[in-house]
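Read the structure below first, then the notes.
The values are calculated or read from the model by the stated rules, or taken from the named source; none is laboratory data. Worth saying up front: this structure is predicted, and the values here are computed from it rather than measured. Methodologically, a virtual Cβ is constructed for each residue, glycine included, from the backbone with ideal geometry; neighbour enumeration extends over all protein chains shown. To get the accessible areas, we keep the full protein, side chains included, count just its heavy atoms, and leave off ligands, DNA and RNA. Shrake-Rupley method; radii C 1.70, N 1.55, O 1.52, S 1.80 Å.
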Amino acid sequence: MNIPDVTHPPFLPFLAAQVVLTLLAAHAVHAADPHTLAGVITAADGMSSADLTTKAATLKPLGGNTGLLAEASDAGTDASLIVDGASGDTAFPHGALKTLMTVGEYDKTSGYMPVGVPDGMGAMLKDADTVRFVWQAESYGHISGGKSYPMKVNGDITSFTGSHIAYVDYDRTKLGSFMENTDSAEGMVKGAGELIEHAYNLKGLKVGARGGVDTTATNVHFGDTNADGHYVSSDTANNAVADNTWTYHSFCSAHLEEKEQWGTGIGLADDIFLTVEEWSDYDAARVEAKGVVGLTAHAVDMATKTAYAVGAMGAGGYEKIVEVNCGHADYVCFAISGYNGNFGSAAATAAMVVRKKAQTSGNKRADGTDFVWPQNIVPARVYVGVKGYAADCTTVDTTTFLAKNGLACGEVYGFAVPSGTTDRDAWHKGNVRDGVGDTVAGIFSRTSWKWNGVVTNFDEDESWQYQNPPLKVDKSAASTTHKFWTAAGYNKTGSKTEHCSPDPRGGARFVQGSTAGYMGIYDFAGIENTLSLLTKPALPTSIGASYTIIEGESDITARVMLKGKGKRADGGVQTKMNDGTDKVTFEDIDGLEWIAAADGEDYLVIQEDGGNKFGERMFIAKIPAPGKKPIYHFIAQAGGTLNTRNLAKVSVPAGTWTSAKASEFSGVVDLSGILKSTTALGGAARRAADATVALEDKYIAVGLQAHSQLSGVIGEFNVDRGGQIYVYKPANIDGTDVAPTPVAAPTPVAVVASPAAKHELGAVALVVAAVAAVFA
């Protein structure tokens, strides 16, 4: 083949791509996949041939790393627990953890390298013999942190940096016995790749190539632009137009919703991985002059690997959106949580408030006062959608993807309570589940906002609605009896609504967590009857509901079971969370998933994100009987700026540590139902099977983000930051405890380098070596 001048940097990725295509074809790899070896191709630009060859030799296949970043207790002075690339204390008190995948590994069948850091995830049966596991990277592109390699979409017309979504296919039988042997996960991987290959924007158009920053266009990624397509993200200095790269802004949590998971005809029409953009940073001057659309959800069609931007839930940026059972074949319901406008600097958000005040209508609140920035001024929300209708809720549309799944025509409802009710954060402060005043009665109330398919700037978004009273049932006027139950009222920000999770048994309810450390269940059990009285495309005027506390912002220390583990580097223990001072409450409940087990027992997996200096905590707790307090069983800890292994520069993969930072457990998937050999394909079969497996027989996937790791293979192959995914098998969840023996704070031990391990280079190393040889 004819090779162009390789001394000119722009040709380096081209050259690498040609070699990749040639060699992968020789190795019978799917070379037509535009995502194949994207990390290697971008790494080739600016890396010497010798360095490229050296770095390739350190790569391991998916599942090849067996060391764990998670710990049962701090390593202290035990040098055997401070080995780079290896595990620390793995004597976990409430069940075993085993590494399923580590960021920095590659797929031997395609060379694909997943991007970090892991967050939202899901799993389903691809076929009778294969489990498809899906997880997304909470990566920020040029906005913050280490950027990820560009993800090609729409036939290579354009690309995205920032967040990616990966899938890994596992042998179902081998995964089903993974926790019963000492084998690594490498031998059960069947393939992997990028879940998004096609991307549509809010106008329903394929996202096209970037134009100039002030070019008016309709085929843009509106997460980066205003309604006219003018670029307003703050990364223009290091994300040049010529690079033709958009940004998916911080895919946070997610849920894989299988079609008809609640029963025949009940739920979605397709298998969807529902992800969300969470936050970003916008250029203040450009936003004030031009506006910004905001950040939306994206529904990814599992069958076609196509992402569709969802406008019907608003554009305020989200933490997690999950399907909840409506019980009606014509409708779908979702619980919504998130920031409601975390869009960057004070200057940028002030610029958006200026635009709101400048509107010719709707520029004042119902009481005549000015709007304030809406971040975290938001109640718990549900979305009700009508299947088979376009965004105007008049045109029948049973064929386009969003419409047939109820994600085009619908309304968002906010939880409203009697006006005299204490605001949400204050209500939870010091409150406990004791049978006295545990429940707040309310309604999910509609607002004056509804998606109509027209893309507008954020100053017209749903996010501002909760600074006004809810509407009366007929929308004729504001309610004089109820208010939206926000964190701290209409005028100031409060604690963020973090992860939510649906009742896995199909009840019309969901659990909701908070950055203030409280959580509870929103129940709207009458929704099926409410919907049955309607003729579609009509939507409810309001939905009766209630909230019941599980945990307040209250002292949990006596209810944390450690069973002798959970030791911290300072000699303390993990009954308390330390972000500089010891806290007796939960801090920043982030990850939260509701798990159904045999005998009608339900559990919560709880993952903190509070900046714990000695390692973030993860727990499992049984949902207690009414009036009873939960017992929290400590699973593991990880990371932290004062953690011994972190200070000793230990990482997995070896050599990837950059600085001592916090880690964060995030993402939970119950794998147990789909691993039963008798479980048929489909969401309803999986949900039913999950509920038949005893807790201590369950396999539960959990994710870990490792923000300390940006070096070595992670940095060189442009996969952002580190992390791992584990399989967790619960044990000893009995409500009893053995206190750890306090020890004096140890002197950190120097890191011990791991011995050079021989392993197969595989397709990636062969390709990189060949690229390097051409450069030599």
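Within region 460-485, the set of residues being more than 23 Å from Gly317 (Cα to Cα) and part of a loop (DSSP other than H, G, I, E, B) comprises Lys472, Val473, Asp474, Lys475, Ser476, Ala477, Ser479, Thr480, Thr481. For region 691-698, state whether one or more residues are more than 23 Å from the chain's Cα centre (by Cα), hydrophobic (A, V, I, L, M, F, W, C), surrounded by fewer than 20 Cβ atoms within 10 Å (Cβ to Cβ) and assigned to a loop (DSSP other than H, G, I, E, B). So far as region 691-698 goes, yes, one or more of its residues are more than 23 Å from the chain's Cα centre (by Cα), hydrophobic (A, V, I, L, M, F, W, C), surrounded by fewer than 20 Cβ atoms within 10 Å (Cβ to Cβ) and assigned to a loop (DSSP other than H, G, I, E, B). Going by what's in this entry, would Asp228 be described as open to solvent by 10 Å² or more (accessible area, probe 1.4 Å), at pLDDT below 95, on the phi < 0 side of the Ramachandran plot and out of contact with any Leu (no Cβ under 8 Å at 6 or more places or on another chain)? The answer is no for Asp228.
Restricting the search to region 151-165, which residues are out of contact with any strand residue (DSSP E or B) (no Cβ under 6 Å at 6 or more places or on another chain) and either open to solvent by less than 10 Å² (accessible area, probe 1.4 Å) or of a type in the set (Asp, Glu) (or both)?
Here is the first cut: in region 151-165, the ones out of contact with any strand residue (DSSP E or B) (no Cβ under 6 Å at 6 or more places or on another chain) are 155-158.
Asp156, Thr158 - these are the residues of region 151-165 that are out of contact with any strand residue (DSSP E or B) (no Cβ under 6 Å at 6 or more places or on another chain) and either open to solvent by less than 10 Å² (accessible area, probe 1.4 Å) or of a type in the set (Asp, Glu) (or both).
Each row is one residue, and each column tells you yes or no for (1) within 18 Å of Ala209 (Cα to Cα); (2) touching a Pro at 6+ places or on another chain (Cβ under 6 Å); (3) acidic (Asp, Glu); (4) in contact (Cβ under 8 Å) with a residue 60 or more places away in the chain.
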| position | (1), (2), (3), (4) |
| --- | --- |
| Phe133 | no, no, no, yes |
| Gln136 | no, no, no, yes |
| Gly146 | no, no, no, yes |
| Met151 | yes, no, no, yes |
| Phe160 | yes, no, no, yes |
| His164 | no, no, no, yes |
| Tyr167 | no, no, no, no |
| Lys174 | no, no, no, no |
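Going through (1) under 14 Å from the mean Cα position of the chain (by Cα); (2) free of Cβ contacts under 8 Å to residues at least 40 places away in the same chain one by one, Ala303 falls short only on (1).
Restricted to region 270-324, and to residues that are out of contact with any helix residue (DSSP H, G or I) (no Cβ under 8 Å at 6 or more places or on another chain) and more than 29 Å from Glu260 (Cβ to Cβ), which residue is surrounded by the most Cβ atoms within 10 Å (Cβ to Cβ)? Top of the filtered list is Gly317.
Can you confirm whether Thr679 is touching a strand residue (DSSP E or B) at 6+ places or on another chain (Cβ under 9 Å), closer than 19 Å to Met577 by Cβ and assigned to a loop (DSSP other than H, G, I, E, B)? Don't jump to the end; show me each part of the working.
Details: touching a strand residue (DSSP E or B) at 6+ places or on another chain (Cβ under 9 Å): yes; closer than 19 Å to Met577 by Cβ: no; assigned to a loop (DSSP other than H, G, I, E, B): yes.
Criteria not met by Thr679.
Taken together, the criteria place Thr530 among residues that are buried (at least 19 other Cβ atoms within 10 Å of the Cβ), within 20 Å of Glu323 (Cα to Cα) and among the hydroxyl-bearing types (Ser, Thr, Tyr).
Please determine whether any residue of region 94-106 is over 25 Å from Gly655 (Cβ atoms) and not aliphatic (A, V, I, L, M). There is at least one residue in region 94-106 that is over 25 Å from Gly655 (Cβ atoms) and not aliphatic (A, V, I, L, M).
Go through (1) in contact with an Asp or Glu (Cβ under 6 Å, 6 or more places away or on another chain); (2) closer than 18 Å to Ala199 by Cβ for Val293 and report which single condition fails. Exception for Val293: condition (1). Determine if region 409-421 includes at least one residue that is out of contact with any Cys (no Cβ under 9 Å at 6 or more places or on another chain), over 30 Å from Lys357 (Cβ atoms) and outside any strand (DSSP E or B). Yes, region 409-421 has at least one match.
In a residue-by-residue description of region 180-198, the property of being farther than 30 Å from Thr66 by Cβ and either of a type outside the set (D, E, K, R) or part of a helix (DSSP H, G or I) (or both) applies to at least one position. Of all residue pairs spaced 6 or more apart or on separate chains, none has beta-carbon atoms under 6 Å together with a first member in region 434-455 that is free of Cβ contacts under 8 Å to residues at least 24 places away in the same chain and a second member that is open to solvent by 50 Å² or more (accessible area, probe 1.4 Å) and part of a loop (DSSP other than H, G, I, E, B). Is it the case that region 331-339 has a residue that's open to solvent by 20 Å² or more (accessible area, probe 1.4 Å) and out of contact with any strand residue (DSSP E or B) (no Cβ under 9 Å at 6 or more places or on another chain)? No: region 331-339 contains no residue that is open to solvent by 20 Å² or more (accessible area, probe 1.4 Å) and out of contact with any strand residue (DSSP E or B) (no Cβ under 9 Å at 6 or more places or on another chain).
For (1) open to solvent by less than 10 Å² (accessible area, probe 1.4 Å); (2) within 25 Å of Gly437 (Cβ to Cβ); (3) at pLDDT below 95; (4) not hydroxyl-bearing (Ser, Thr, Tyr), each residue gets a yes or a no:
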{"position": "Gly506", "(1), (2), (3), (4)": "no, no, no, yes"}
{"position": "Arg509", "(1), (2), (3), (4)": "no, yes, no, yes"}
{"position": "Gly544", "(1), (2), (3), (4)": "no, yes, no, yes"}
{"position": "Ile549", "(1), (2), (3), (4)": "yes, yes, no, yes"}
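Contact map, region 697-709: first residue more than 11 Å from Leu671 (Cβ to Cβ), second residue buried (at least 24 other Cβ atoms within 10 Å of the Cβ) and among the basic types (Lys, Arg), Cβ cut-off under 9 Å, separation 6 or more or different chains; pairs are Gln705/Arg721; Ala706/Arg721; His707/Arg721; Ser708/Arg721; Gln709/Arg721.
Quick check, is Asp392 under 30 Å from Glu257 (Cα atoms) and acidic (Asp, Glu)?
So Asp392 fits the description; yes.
Of all residues in region 371-385, those satisfying the criterion of being out of contact with any Leu (no Cβ under 7 Å at 6 or more places or on another chain) and open to solvent by less than 20 Å² (accessible area, probe 1.4 Å) are Phe371, Pro374, Asn376, Ile377, Val378, Pro379, Ala380, Arg381, Val382, Tyr383. Restricting attention to region 637-674, the residues that are under 22 Å from the mean Cα position of the chain (by Cα) and on the phi > 0 side of the Ramachandran plot add up to 3. The numbered conditions (1) in a strand (DSSP E or B); (2) touching an Asp or Glu at 6+ places or on another chain (Cβ under 7 Å) are all true for Val115 except (1).
On the basis of being in contact with a strand residue (DSSP E or B) (Cβ under 7 Å, 6 or more places away or on another chain) and either modelled with pLDDT under 90 or open to solvent by 40 Å² or more (accessible area, probe 1.4 Å) (or both), does Thr53 make the cut?
Here the answer is no, as Thr53 does not meet what is asked.
Scanning region 342-353 for residues that are more than 18 Å from Ser250 (Cβ to Cβ) and in contact with an Asp or Glu (Cβ under 6 Å, 6 or more places away or on another chain) gives a single hit, Ala351. In region 358-370, the residues that are open to solvent by less than 50 Å² (accessible area, probe 1.4 Å) reach residues that are assigned to a loop (DSSP other than H, G, I, E, B) and of a type in the set (S, T, N, Q) with C-beta atoms within less than 7 angstrom, at least six apart or across chains, in these pairs: Arg365/Asn468.
Annotation note: Cβ proximity below 7 Å between a residue of region 251-265 that is within 16 Å of Arg505 (Cα to Cα) and a residue that is of a type in the set (S, T, N, Q) and open to solvent by 10 Å² or more (accessible area, probe 1.4 Å) (sequence gap 6+ or interchain) occurs for Trp262/Asn325. In summary, strands (runs of 3 or more DSSP E) completely within region 537-652 and bearing 2 or more residues that are aromatic (Phe, Trp, Tyr) occur at 632-638.
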